[in-house]
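Working notes, beginning with the structure itself.
Where a number appears in this text, it was derived from the coordinates with a stated rule and is not lab data. Keep in mind that this is a model prediction, so the values were computed, not measured. When we count neighbours, we look across all protein chains shown, and the Cβ atoms used for this are built from the backbone with ideal geometry, even at glycine.
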Amino acid sequence: METAQQVPPAPAPSGSGAEPGVDTAVSVRELRQNFGTVQAVRDVSFDVARGEVFALLGTNGAGKTTTVETLEGFRRPSGGQVRVFGANPYGQPARLRGRTNAVLQNSGVFPELTVAETVDLARDLCDDPRPRGRTLEMVGLTDRASAQVRSLSGGEKRRLDLALAVLTRPEALFLDEPTTGMDPEGRRDLWDLVSGLREENVAVLLTTHYLEEAERLADRLAIMHHGAIREEGRLADVLSTWGDRIGFRMPDHLRLADLPELPGAEAEVDVRGGEPWARYTVTGEDGDGRAHRAMAALLEWADRTGTTLGRLELRTASLEDVFLSIADDTAGPASQ
């Protein structure tokens, strides 16, 4: 039997919102995973606390699933360190089996069994499982209890995968793209379920392609690209780093060089809906006042020159703005 080595938590990586200690469920330090000459994960560090939802975002091939599989104990790190409740998860030591669970991208259920039989089989392997009825209720499968697994839709199979994960009452739950194939109602049901797990003090690590899902659920998030974390922190802090956006339909008689200089802002012109669109990205230390000052200067210019700013808008950077900028291999936040 493997004896898990107790390792004192390392100092938190720069920018990490979770402080290592008694409330830290998951700790990742400079994790590297190599496949031959390919470095799939490069010096990744983050923590997930009890009662926290941490979202791991990234393009296909960014290294999200490899990171999760390492935390689940399926892969030995090529370098760095991972700990789950202070233990090395590689090989899934006995001391972690009753405390963690996962929803993987591929299901391992028996298609000839019914939903109820599948849940009962899983319950027989647990020390303190949730009741079958309560488990099916949590994932919205009560009315499908007597259906064979083979007859379930893709979204219903994901619900069943989730049922098998939550019935063990895990203290840490790894969700690898759990809403793939679900309809909007199914995604909302999962969001409610994850919010309930947070209230049970469960640490949840979520990978997802749905940015709305991360915005709705995550206390903190990280965005991976080419195996490395490019952004990490609380959503509001991440968005603030990438600036505010002022936009309007470009008047026909104006060109980029005609636009005014605004404090802390850079202008560009692109096309939206077939129309030229002017956009300013406003950055600076004063996150509360920078957009106000830039907008005031723009409106003063518009009044002075008699320019109508059609469909004028002001908004913070969105998670989609940040994600797409990173996916396009831009240099980084506008403030850098």
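Report ³J(HN,Hα) in whole Hz for each residue of segment 23-30, in order, from the Karplus equation J = 6.51 cos²θ - 1.76 cosθ + 1.60 where θ = phi - 60°; Gly and Pro get x.
Here the 3J(HN,Hα) series is 8, 7, 8, 10, 10, 10, 10, 6 Hz.
Only helical DSSP H runs with n ≥ 4 go in: add -39500 (n - 2.57) per run for the chain, normalise by residue count and round the 222 nm mean residue ellipticity to 500 deg cm²/dmol.
Helix contribution divided over all residues of the chain: -8500 deg cm²/dmol.
Could you work out which residue, out of D192, D321, D127, moves most in a Gaussian network model of the chain, that is, has the largest mean-square fluctuation with Cα springs under 10 Å?
D127
Do you know the relative contact order of the chain, to the nearest whole percent, from alpha carbon pairs under 8 angstrom that are 6+ apart? Don't skip to the answer; put the middle values down first.
Values: 641 pairs, mean separation 59.6, N = 336.
Once normalised by length, the contact order is 18 percent.
Calculate the FRET efficiency for R169 and H226 from the Cβ-Cβ distance with a Förster distance of 25 Å, rounded to the nearest 0.05. All intermediate terms of the calculation are to be shown ahead of the outcome.
Working: r = 37 Å, r/R0 = 1.48.
Taking R0 as 25 Å, the efficiency between R169 and H226 is 0.10.
Using only the alpha carbon atoms of the chain, find the Kirkwood hydrodynamic radius as the inverse mean reciprocal pair distance, in angstroms to one decimal.
So the Kirkwood estimate lands at 22.2 Å.
Using r as the Cβ-Cβ distance of T180 and V271, and R0 as 35 Å, what FRET efficiency do you calculate, to the nearest 0.05?
Once the sixth-power term is evaluated, E becomes 0.60.
What number does segment 164-291 give for Rg over Rh if you use C-alpha atoms and the Kirkwood radius?
Computed over Cα atoms, the ratio is 1.12.
Given the options V48, V38, V322, which has the most mean-square fluctuation in a GNM of the chain, springs set between C-alpha atoms less than 10 angstrom apart?
The residue that fluctuates most here is V38.
Determine the relative contact order of segment 232-336: mean sequence separation of Cα pairs under 8 Å and six or more apart, normalised by residue count, in whole percent.
On the way: 148 pairs, mean separation 40.6, N = 105.
Across segment 232-336, relative contact order equals 39 percent.
Starting from 0.36 nm per residue, how many nanometres of slack lie between S153 and R311 once their C-alpha separation is accounted for?
52.6 nm
Taking amide H atoms as placed 1.01 Å from N in the peptide plane, list the residues 5 or more away in sequence, or in a different chain, whose amide H sits under 5 Å from that of R230.
Long-range HN contacts for R230: I223, M224, H225.
Provide the per-residue ³J(HN,Hα) series for segment 49-56, in order, calculated from phi with Karplus coefficients 6.51, -1.76, 1.60 and θ = phi - 60°, each as a whole number of Hz, with x at glycine and proline positions.
With the stated coefficients, segment 49-56 comes to 8, 4, x, 10, 9, 10, 9, 10 Hz.
May I ask you to derive the FRET efficiency for R95 and R234 from their Cβ-Cβ distance with R0 = 30 Å, giving the value to the nearest 0.05?
E(calc), rounded to 0.05, equals 0.45.
Using bins 5 angstrom wide from zero, how does P(r) for segment 227-303 break down, in % of all Cα pairs?
3, 14, 23, 20, 16, 12, 8, 3, 1, 0
V103's amide H: which non-local residues (gap 5+, or another chain) put their own amide H closer than 5 Å, with H modeled 1.01 Å from N in plane and none for Pro or chain starts?
Excluding prolines and chain starts, which carry no amide H, the hits are F174, L175, D176.
In the Gaussian network model of the chain, springs joining C-alpha atoms below 10 Å, which of R255, R95, R134 carries the largest mean-square fluctuation?
Maximum among the listed residues: R255.
Just how far, in whole angstrom, is segment 155-192 from segment 213-243 if you go by their alpha carbon centroids?
Computed from Cα coordinates, the inter-centre distance equals 22 Å.
Ordered by residue, what ³J(HN,Hα) values in Hz, to whole numbers, does segment 321-327 give under the Karplus form 6.51 cos²θ - 1.76 cosθ + 1.60, where θ = phi - 60° and Gly and Pro are x?
4, 5, 4, 5, 5, 5, 5
Skipping prolines and chain starts, which residues have an amide H placed within reach, meaning under 5 Å, of the one on G79, given they are 5 or more residues away or on another chain?
Correct list: R32.
Label 7 Å along Cα→Cβ of S78; segment 208-246 residues with amide nitrogen under 16 Å?
225-229
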